Amino acid sequence: MIPVILAGGKGERFWPLSRKHRPKQFLSLDGSGKSLLQTTAERLLSLSNNWDGLWVVTSAMLAEGVAQQLPQMPKENILAEPEGRDTAPAVAWTAIKTARRYGEDAVVGFFPADHWIGEPEVFQKTLEAAAELAMNQEAIVTLGVKPSFPSTGYGYIEQGKKAGNFGGFDAYRVARFTEKPNRDKAEEFLAKGRFSWNGGIFVFRVGVMLAELRKYAPTMMTVLEAMGAEGYSQLEKKSIDYAVMEKTDKAFVLPVAFGWDDLGDWNALERLVKGDGVNVELANHLGLDTEGSIFYATSDDDAIVTIGLEDVVVVRDENVTLIMKKERSQEIKQVLRSLANNPKFKDLL
């Protein structure tokens, strides 16, 4: 398999730790010292066998940072998009480039850079099964993560007719993709048992994906095949889900049960950093009557002292301190828009 890491996102909901010059994928969130990008690359090396077979697609602004984070990777395997156009152009451009190097029968996998994966051996076996399915059929395989609670923050995949067993894993045709549901709908999906979270991981023979892109996104493909990255300014923003996956009849889902988290906001630290304490503490924190909270500081010289707090997030980074209720973590993007419109605070982005 040719693994491709999608590393162009901003990770705004991890502000102030995540900023323009230091996006989420460059951060170490678990105290290991390794960034999310480095951890993802090391996890995927077992699939590519060496650094020459591993690719990253990112933004032009972050390409040098990717090269510094992954010095073993050949520079030509880092594809730098001149501007963000969501995941469809990223997948399409990379598919064109990998097909030219490896041929259209090569199996390619796309992986977000900011996922946490538990049971890496199960993860690898699952991907081997996905590759077997992709080699044997005209299939675009997505991994469906078994829901552990009725999440309203993830998209869902409904499995249809069973398509066989590959490497010990049952595979199904995709009946439909569903956008992020409300609470009642999410509980309904969980009760039915045939829905899984859309983990954003895709495996396919590159020729199959190229054919579906030419069918469902012909204008985009015409531009990219003729101009490559130089044509990005002509492309509209479109996700691969919307451009292809929700339309194709070649979508298959492999339901999986390994530990998974997309590390979407600060609350993910409670799931990522296991502990027996009443708080998650990645900082010098002294608390009185404080519980259910998350504390993070980038400097060992900084101290956070709290009295009588519950269910809050406190992040201290350089010249910024963020304090918020855990339940309002999704509103960070709204705050960033306000900062961008205020000359006094623009340097904090």
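Would you check if Gln137 is touching a Phe, Trp or Tyr at 6+ places or on another chain (Cβ under 8 Å), surrounded by 15 or more Cβ atoms within 10 Å (Cβ to Cβ) and among the polar types (S, T, N, Q)?
Yes.
Read through the list (1) assigned to a loop (DSSP other than H, G, I, E, B); (2) among the small types (Gly, Ala, Ser); (3) exposed (fewer than 15 other Cβ atoms within 10 Å of the Cβ), then give the number of the only condition that Ser233 fails.
Every listed condition holds for Ser233 apart from (1).
Only residues in the stretch 212-228 that are free of Cβ contacts under 8 Å to residues at least 40 places away in the same chain and farther than 13 Å from Ala90 by Cα count as the first member; pair them with residues that are in a helix (DSSP H, G or I) and among the hydrophobic types (A, V, I, L, M, F, W, C), Cβ under 8 angstrom, at least 6 apart or cross-chain, and list the lot.
Sorted first by the residue in the stretch 212-228, then by its partner, the pairs are Arg214/Met221; Tyr216/Ala243; Tyr216/Val244.
Pairs needed: first member in the stretch 1-12, more than 10 Å from Phe110 (Cβ to Cβ); second member anywhere, part of a strand (DSSP E or B) and among the small types (Gly, Ala, Ser); C-beta distance under 6 Å; at least 6 residues apart or different chains.
Met1/Gly109; Gly8/Ser59
Against the condition among the hydroxyl-bearing types (Ser, Thr, Tyr), more than 22 Å from Asn198 (Cβ to Cβ), assigned to a helix (DSSP H, G or I) and modelled with pLDDT under 95, how does Ser46 come out, does it pass?
Values: among the hydroxyl-bearing types (Ser, Thr, Tyr): yes; more than 22 Å from Asn198 (Cβ to Cβ): yes; assigned to a helix (DSSP H, G or I): yes; modelled with pLDDT under 95: yes.
So Ser46 fits the description; yes.
If the requirement is being outside the structural domain of Lys97 (by TED's automatic domain parsing), of a type in the set (Lys, Arg), farther than 30 Å from Met209 by Cβ and free of Cβ contacts under 8 Å to residues at least 24 places away in the same chain, which of these qualifies: Lys325, Lys333?
When all the criteria are applied, what remains is Lys325.
State whether the residues of the stretch 29-50 include one that is under 20 Å from Ile294 (Cβ atoms), basic (Lys, Arg) and touching a Phe, Trp or Tyr at 6+ places or on another chain (Cβ under 9 Å).
Scanning the stretch 29-50 turns up no residue that is under 20 Å from Ile294 (Cβ atoms), basic (Lys, Arg) and touching a Phe, Trp or Tyr at 6+ places or on another chain (Cβ under 9 Å).
Inside the stretch 103-153, can you point out the residues that are among the aromatic types (Phe, Trp, Tyr) and under 22 Å from Met220 (Cα atoms)?
We begin by selecting, within the stretch 103-153, every residue among the aromatic types (Phe, Trp, Tyr); these are 110-111, 116, 123, 149.
Of everything in the stretch 103-153, those that are among the aromatic types (Phe, Trp, Tyr) and under 22 Å from Met220 (Cα atoms) turn out to be Phe110, Phe111.
Restricting to the stretch 17-43, name every residue that is modelled with pLDDT of 95 or more and more than 18 Å from the chain's Cα centre (by Cα).
Matches in the stretch 17-43: none.
When the stretch 183-219 is examined, which residues are found to be outside any helix (DSSP H, G or I) and under 19 Å from Asp262 (Cα atoms)?
Passing the criteria: Phe195, Ser196, Trp197, Asn198, Gly199, Gly200, Ile201, Phe202, Val203.
Give the stretch 269-289 a look and list any residue that's in contact with a Gly (Cβ under 7 Å, 6 or more places away or on another chain) and not aliphatic (A, V, I, L, M), or say none.
Within the stretch 269-289, Asn279, Asp289 qualify.
Tell me, which strands (runs of 3 or more DSSP E) wholly within the stretch 251-349 include 2 or more residues that are hydrophobic (A, V, I, L, M, F, W, C) and more than 28 Å from the chain's Cα centre (by Cα)?
Once the strands (runs of 3 or more DSSP E) in the stretch 251-349 are filtered for at least 2 residues that are hydrophobic (A, V, I, L, M, F, W, C) and more than 28 Å from the chain's Cα centre (by Cα), what remains is 284-288, 303-307.
Given the structure, is Ile294 β-branched (Val, Ile, Thr) and within 22 Å of Asp265 (Cα to Cα)?
On the way: β-branched (Val, Ile, Thr): yes; within 22 Å of Asp265 (Cα to Cα): yes.
Criteria met by Ile294.
Within the set of pairs 6+ apart or on separate chains, which have a first residue in the stretch 25-36 that is loosely packed, with under 15 Cβ neighbours inside 10 Å, a second that is at pLDDT below 85, and C-beta atoms under 8 Å apart?
From the stretch 25-36, the pairs are Gly31/Val273.
Residues that are within 28 Å of Gln124 (Cβ to Cβ) and not hydroxyl-bearing (Ser, Thr, Tyr): does the stretch 177-185 have at least one?
Among the residues of the stretch 177-185, at least one is within 28 Å of Gln124 (Cβ to Cβ) and not hydroxyl-bearing (Ser, Thr, Tyr), which makes the answer yes.
Among the strands (runs of 3 or more DSSP E) lying completely within the stretch 65-181, list those that include at least 2 residues that are over 21 Å from the mean Cα position of the chain (by Cα) and at pLDDT below 95. Please lay out each step first, then the result.
On the way: elements: 78-81, 107-112, 140-145, 156-166, 169-178.
Of the strands (runs of 3 or more DSSP E) lying wholly inside the stretch 65-181, those with at least 2 residues that are over 21 Å from the mean Cα position of the chain (by Cα) and at pLDDT below 95 span 156-166, 169-178.
Mind checking which residues of the stretch 84-102 are in contact with a strand residue (DSSP E or B) (Cβ under 9 Å, 6 or more places away or on another chain) and hydrophobic (A, V, I, L, M, F, W, C)?
Across the stretch 84-102, the qualifying residues are Ala90, Val91, Trp93, Ala95, Ala99.
The values are calculated or read from the model by the stated rules, or taken from the named source; none is laboratory data. Predicted model, so just to flag it, every value in this text is computed and none were measured. All Cβ positions, even for glycine, are placed from backbone atoms using ideal geometry, and neighbour counts span all protein chains on display.
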